[in-house]
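*Asks:* Have a look at this one.
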Amino acid sequence: MTRHQSTLPPDYFEEMFQGTSDPWDFESSPYEQAKFAESIISLEGRHYVAVFEVGCARGVLTSLLADLCASLLAIDVSTTALAAAHNRTAGCDHVKIAQMAFPEETPADSFDLVVWSEVAYYWDDADLQRAAAWLVDHLVSGGDLLLVHYTGDTDYPQSGDDAVDKTFRILGPEFSVLKTDRHESYRLDLWRRLS
């Protein structure tokens with residue numbers, strides 16, 4: 001399988017969401033529902049002040065994260081997906097849905113939880129470096145990074161394992177591993193910033 005050499009462009013995702021309302025079956029797949037449930041369970045009921053979710057798609061995980069925080073910024077590159085995410089979280093005044101192409105575009109705020117669920121493997125090495133550098137500047141001490149990634153074969157710039165392992169090497173000793181769980185088709189990693 002030939003991998004994309006560079007970060008996948010925003011048009012790739014917009015075309016996916018225009019082609020079908022739920023291209024990755026986030027709303028209907030038992031696998032996806034179980035993965036989202038495990039993501040929330042892994043946070044062990046911690047309440048966060050400010051959460052940043054990259055690649056929120058149609059807002060399925062976003063709606064679950066909304067119950068765990070005082071404020072939530074959820075972003076995606078697809079305007080089609082964001083319209084659905086906005087509708088899904090319509091009653092949540094503390095949730096902001098925004099179009100942003102992370103890590104090229106980044107928020108200026110700081111957060112105590114950052115969620116990269118099924119996104120880091122879309123980035124090439126340069127953008128992994130850029131994303132990690134942003135994280136060092138914007139994840140507060142004691143804050144958590146939740147990474148959830150499919151581990152099967154893809155044509156993305158990174159495999160799920162490579163994306164997570166490279167990110168950890170870039171971030172270095174400022175982060176401790178709270179959890180690394182491997183499931184049949186995905187891995188879930190939760191790290192905490194120490195300083």
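Please treat every number below as a calculation from the coordinates, not as lab data. Everything numeric in this text was worked out from a predicted model, so none of it was measured. As a convention, Cβ positions derive from the backbone with ideal geometry for all residues, glycine included, and neighbour counts pool all protein chains shown.
*Asks:* What are the pairs, 6+ residues apart or on separate chains, where a residue within region 94-109 that is free of Cβ contacts under 8 Å to residues at least 40 places away in the same chain has its Cβ under 6 Å from a residue that is assigned to a loop (DSSP other than H, G, I, E, B)?
*Replies:* 95/89
*Asks:* Scanning region 76-91 for residues that are surrounded by fewer than 20 Cβ atoms within 10 Å (Cβ to Cβ) and part of a loop (DSSP other than H, G, I, E, B), which turns out farthest from the chain's Cα centre (by Cα)?
*Replies:* Taking the candidates together, the pick is 91.
*Asks:* Within region 110-133, which residues are in contact with a His (Cβ under 9 Å, 6 or more places away or on another chain), farther than 25 Å from residue 40 by Cβ and assigned to a helix (DSSP H, G or I)?
*Replies:* Our first condition is that a residue be in contact with a His (Cβ under 9 Å, 6 or more places away or on another chain); within region 110-133, this holds for 110-111, 114, 116-122, 124.
After this cut, where a residue has to be farther than 25 Å from residue 40 by Cβ as well, the list is 124.
Listed by number, the list is empty, since nothing qualifies.
*Asks:* Which residues, counting only those in region 68-91, are out of contact with any helix residue (DSSP H, G or I) (no Cβ under 8 Å at 6 or more places or on another chain) and not aliphatic (A, V, I, L, M)?
*Replies:* Once the filter is applied, which keeps residues that are out of contact with any helix residue (DSSP H, G or I) (no Cβ under 8 Å at 6 or more places or on another chain) and not aliphatic (A, V, I, L, M), region 68-91 yields 69, 71, 86, 87, 91.
*Asks:* Please go through region 167-178 and pick out each residue that is under 16 Å from the mean Cα position of the chain (by Cα) and touching a residue at least 40 places away in the same chain (Cβ under 8 Å). Full working, then the answer.
*Replies:* In the first step, residues of region 167-178 are kept if they are under 16 Å from the mean Cα position of the chain (by Cα); the result is 167-168.
Scanning region 167-178 gives a single hit, 167.
*Asks:* Looking at region 39-49, is at least one residue over 25 Å from residue 180 (Cβ atoms) and buried (at least 16 other Cβ atoms within 10 Å of the Cβ)?
*Replies:* Checking region 39-49: not a single residue is over 25 Å from residue 180 (Cβ atoms) and buried (at least 16 other Cβ atoms within 10 Å of the Cβ).
*Asks:* Consider residue 131 carefully, then state whether it is touching a Pro at 6+ places or on another chain (Cβ under 7 Å), in contact (Cβ under 8 Å) with a residue 12 or more places away in the chain, closer than 17 Å to residue 169 by Cα and buried (at least 21 other Cβ atoms within 10 Å of the Cβ).
*Replies:* yes
*Asks:* Given the condition part of a helix (DSSP H, G or I), of a type in the set (A, V, I, L, M), under 28 Å from residue 12 (Cα atoms) and out of contact with any helix residue (DSSP H, G or I) (no Cβ under 7 Å at 6 or more places or on another chain), answer yes or no: does some residue in region 92-109 qualify?
*Replies:* The initial filter retains those residues of region 92-109 that are part of a helix (DSSP H, G or I), namely none.
Within region 92-109, not a single residue is part of a helix (DSSP H, G or I), of a type in the set (A, V, I, L, M), under 28 Å from residue 12 (Cα atoms) and out of contact with any helix residue (DSSP H, G or I) (no Cβ under 7 Å at 6 or more places or on another chain).
*Asks:* Among the residues in region 134-141, are any assigned to a strand (DSSP E or B) and small (Gly, Ala, Ser)?
*Replies:* Of the residues in region 134-141, the ones assigned to a strand (DSSP E or B) are 139-141.
Filter once more, keeping what is small (Gly, Ala, Ser): 141.
Yes - at least one qualifying residue is present in region 134-141.
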